[in-house]
Each structure stands twice: as structure tokens, then as C-alpha cells.
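Bear in mind that the values in this text are calculations on the coordinates, not laboratory data. As the structure is a computational prediction, the values presented were derived from the model and not from experiment. Counting neighbours? That spans all protein chains shown, and the Cβs are built from the backbone with ideal geometry, glycine included.
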């Protein structure tokens, strides 16, 4: 649990996806995949998810 679990992937259409590196699938929040995001929003979400993951907390986002 000392490595970030989430990363970003830019899609062909220019939007961003928050990707779970363990499952290799888009991360999800409230049953919705975290896809189709602008870069700033995707980075903020990724940072929050990784901060909670590395602290051993369940994130309110997933």
C-alpha cells in the first residue's frame, strides 16, 4: 500500500479517465466510471483517491 493505486489516462477524444492500476479498469464513484473528465478534475480526483488509499482510509469517492 505504499504505491499510488490510481493514475490518469488520456483518451483519444481528449478527455481523461481515472484508472485503477490494480484492476486496470476505470475507477468508479457512486456506480459511475470516472471517465470523460477534464484534466484538472481527473487529477484532483486521482490525488484524493491516492491520498486516501495511501493513508489506509476508504475514500468517500468510491
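GNM on the chain, alpha-carbon springs under 10 angstrom: the most fluctuating residue among 38, 47, 20 is 38. The GNM of the chain, with springs linking C-alpha atoms under 10 angstrom apart, assigns the highest mean-square fluctuation among 49, 37, 19 to 37.
Residues in the range 1-24, backbone N under 13 Å from the label point at residue 41 (7 Å along the Cα-to-beta-carbon vector): list them, ranges by number please. Counting only backbone N, you get 15-18.
Rounded to the nearest 500 deg cm²/dmol, what is the calculated helix-only ellipticity per residue at 222 nm for the chain, with -39500 (n - 2.57) per DSSP H run of length n ≥ 4?
-8500 deg cm²/dmol
When the Cα gyration tensor is reduced to axis lengths a ≥ b ≥ c, the ratio a/c is 1.5 or higher for the chain, and with a/b above b/c it is classed as prolate.
Just want to confirm a number: the relative contact order over the chain, from Cα pairs under 8 angstrom separated by 6+ residues, in percent.
Details: 90 pairs, mean separation 21.0, N = 62.
The value is 34 percent.
Relative to the longest principal axis of the Cα atoms of the chain, the long axis of helix 39-54 makes an angle of roughly 20 degrees. Counting neighbouring beta carbons within 10 Å and listing from fewest to most, the residues 7, 23 come out as 23, 7.
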